[in-house]
Structure formats: structure tokens, C-alpha cells
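The next block holds one structure in the form of C-alpha cells; read it before the comments.
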Amino acid sequence: MDGDHITTLCTPVMVVDVDIVKRNAEKMRERWTKLGVTLRPHMKTHKTLECGDIMTGGSRSCIVVSTLAEASFYADHGYDDILYAYSVPFDKVERCAVLAERLSLFQVLLDHRDALDELRKSPLTDGGVWHVWLKLDCDNGRAGVLHSEPEALRLAQAISESEGVELVGVYAHCGNTYGCRGAEQIHAVAQETTTLVLQFMEKLKAVGISCKSSIGSTPSCSQPISDMAKLSEVHPGNYVFFDVQQSVIGSCGLEDVAVRVLSRVIGHSPHRNQLLLDCGWSALSLDGAGKLPTGYAVIEGHPDLRLLSLTQEHGRVEPLSGQLDYSQYPLGTLLTIIPYHRSNLGVCVQACATAMMHPVYYIHSEGRLMGKWTPTRGW
């Protein structure tokens, strides 16, 4: 297979341009090195060892994960300094403890006193300490204790005063940047989130607490504002692949999108003026949800076509206007689809949901296959 062209693959299939991945990772790493801020890349977009190595520059250290399956996977491959950035699930405290005692630095996140109580009731052996980040909601509207609530400061104090627990930092997701259009709007949201985090850090300082600060989202970290240099860390993830939505927002250009889904025409429907593809939501996800003029995604090289709808294993394509010329799309024609990454009411959906639909990614350079990456799965 290696060396063959990607057009020889059976479809539907996800392909990743490794040259673009490396370029995206290097640009993000250089940007934050210059600003003097630690880059803690998020693994949830790709969930692979190979891409993790690219994002960390081979250090296998200082990463964020969203599932314990990811945490265990990376730990099994020699990664350390792993932050499990998901509000502590009570049914998984024992699994967290195993990782905390196994690694030199395994960190968890919480936003509620009950979660802190769970950690207190599960002390680590041999004098080990739970390393905890406080999740702060800076008007993103997902997880986290609201920045303006007095409980936020009280919870931070409770963490810092608890035996066997250390407050490592304050963590905020800048997911409302996904509702932006253009750098100016991204800057405004990034500024608001950064300001709220820094103001909260001043509140902590006033009561004698010193810890790290971190915010993340690919738009804010791709278009940073100057005050972000005052943060300790940032934790973007989607940037390594990017997608159509990121290009619409202003995080990147379409030339920076590293992933494609290849699909073939398997049917003609002249009575509906449509083509039928072998790519349904099980290969692409429903993230596009008709947000684009071209439907659920962008069909590369065919701006006149719209991916109208998806069922589990089929996609329907129609022209934006006029009648299809079926002679241009004989059965077996290969179409290249650039996936979308949806946001709803400012809440960011799992980065690159399309990747979650594929058990393996085919890696290429300039269209020539170089191997496969196999992501970890589960929770």
C-alpha cells in the first residue's frame, strides 16, 4: 500500500496530509514559544500516538485528553504530564488514582465541591497528591463554575486547603470563539475570556493562592491577543487537522485543512437531479447540519455541488443550480469531501467529529500513501 496513490483506497475513507499536519503543529508551537506560554496540545481531535508525537515535538509530555481511554493509551506509550480535562466522573476515580500513582504527573479537573469530596475520600498511596485544575466557566456556557459566582473562589480555596490535594491551576475553555466570524470577533471573545481568567487569578492572589492559568480553543490560539502572553498555558487541539468551519471562522485557510474523506459516486437519480455517494453520516458525521451553502461539507473542486443530506451509509448530492451533467460523474467517480466542525450556541462540538467515525486514518504526502494511524477509542 505504501507509495500507492490515495485514489486506490476503498471508500469511504479518511485521509490525512501529514505535511499539513506537521506545518500546523510547528506554527502553533512557534507562536506560543515566542509568547513565552506553554503549549499543552489537546489530543481529542485525533487520539493517535503518531499525531501526538508531532504535536509535542517528540517530547511525549504536557498534553490534554478528554477521556480516560486516551489518558491510559498515552501513558502506555510513555507519555507523562497528562491533564484529564473532564469534570471528575465519580465512577472513574479509581481509574484516575491508578494513573496518578503510576505517572510522575497526572492531573484532573473539577468544578464542584462534591468532586473534591470524592478525591478526599480516595487518598493516593505513599503520600501521593491529587493534582487538580479548577474548571472556570468564562461565559462559554458548558462545564465549569461560573467566574462571577462567589463559589468559584471558595472552591479554589477549598482545593488549596485540602490535605492530599494540590491546586495546580485554573482552566477555561474559550469555546464561544466558534460562533465568531473573522479575526476581529475572535480577538474580542479571546480578550473577554483572558481578562476574566486573569481577573480571577488576581482574586486568588489576594487570598494567598498562586497557581497556573490556562485557556484554550483553536480559534483563540490561532488568533491570539497580546494579553494571552500573561497566561501560563494554552490548550488548543483542532488546529492540527483544522476543518471547513475553522476556515469560515478565520482560524485558518482551506489550504491548512489536513483531513479529507474520499467518497465515490454509486448512483444516478435523474428524477431527483441528484448523485448518490457511498459516504453517509457514519463516515462524515452530521456536524455540518446544512450550515454551509454547500450543505454538510465542501466537495473539493466542485463548488457547484451541494451535499444535501446524509443517511447512515449514503450521501445525496445535487447541483446548486441547473441540471446535473451525469457524463461528468460516471459511477465510480471519486469525490473529495472536506469535513465541517459545527458549533451550536457557542458550545463547541467534539473537534473533528469526522475523525471519530473512522477506525483508521490513511496518511499521505502529496497524495502518496505513507501508512496508517490507529486512534484509541472509548471512554
The number of Lys pairs in the range 93-244 whose alpha carbons lie under 23 Å apart, excluding pairs fewer than 8 residues apart on one chain, is 9
Restricting to aspartates and glutamates and to Cα separations under 19 Å from Lys27, and discarding same-chain partners fewer than 8 apart, the set is Asp17, Asp19, Glu50, Asp53, Glu233, Asp243, Glu255, Asp256
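Highest first, please rank the peptides 44-51, 187-194, 233-240, 98-105 by the mean number of other Cβ atoms sitting within 10 Å of their residues. Don't skip to the answer; put the middle values down first.
Details: 44-51: 23.4, 187-194: 20.9, 233-240: 25.5, 98-105: 14.8.
In decreasing order of mean packing, 44-51, 187-194, 233-240, 98-105 become 233-240, 44-51, 187-194, 98-105.
Could you put Ile63, Ile209 in order of accessible surface area, largest first, with the 1.4 Å probe and the full protein assembly present? Please report the intermediate quantities before stating the final value.
Details: Ile63 0, Ile209 20 Å².
I get Ile209, Ile63, largest accessible area first.
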Mean-square fluctuation maximum in Gaussian network of the chain, Cα pairs under 10 Å, restricted to Val93, Val64, Val132, hits Val93
Cα-based Rg/(2.2 N^0.38 Å) for the range 1-95, rounded to two decimals, is 1.28
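Mind checking which helices in the chain clear 27 Å along their axis (Cα) and have mean Kyte-Doolittle hydropathy of -1.0 or more, DSSP H runs only?
Working: long enough: 183-206 (34 Å, 0.09).
What comes out of the filter, once short or polar helices are dropped, is 183-206.
Heavy atoms only, 1.4 Å probe, whole protein assembly: order Met356, Met1 by accessible area, highest first.
Ranked from most to least accessible, the order is Met1, Met356.
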At the level of C-alpha centres, the distance separating the range 226-254 and the range 9-65, in angstrom, is 12 Å
Working note, the chain: Cα radius of gyration (Å, one decimal) and Dmax (Å, whole number) are 22.1, 73
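Sorted from largest to smallest, which semi-axis lengths in Å does the alpha carbon gyration tensor of the range 77-171 give for its equivalent ellipsoid, taking the root of 5 times each eigenvalue?
Numbers: eigenvalues 99, 43, 25 Å².
Largest first, the range 77-171 gives 22, 15, 11 Å.
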For Cys138 the rounded accessible area (nearest 10 Å², probe 1.4 Å, non-protein molecules ignored) is 0 Å²
Placing each pseudo-label 7 Å from Cα in the direction of the beta carbon, Thr7 and Asp227 end up separated by a distance in nanometres of 5.2 nm
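The values are calculated or read from the model by the stated rules, or taken from the named source; none is laboratory data. Owing to the predicted nature of the structure, the values given are computational and were not obtained by experimental measurement. Methodologically, a virtual Cβ is constructed for each residue, glycine included, from the backbone with ideal geometry; neighbour enumeration extends over all protein chains shown. Heads up: the accessible areas ignore ligands, DNA and RNA and are worked out on the full protein's heavy atoms, side chains in. Shrake-Rupley method; radii C 1.70, N 1.55, O 1.52, S 1.80 Å.
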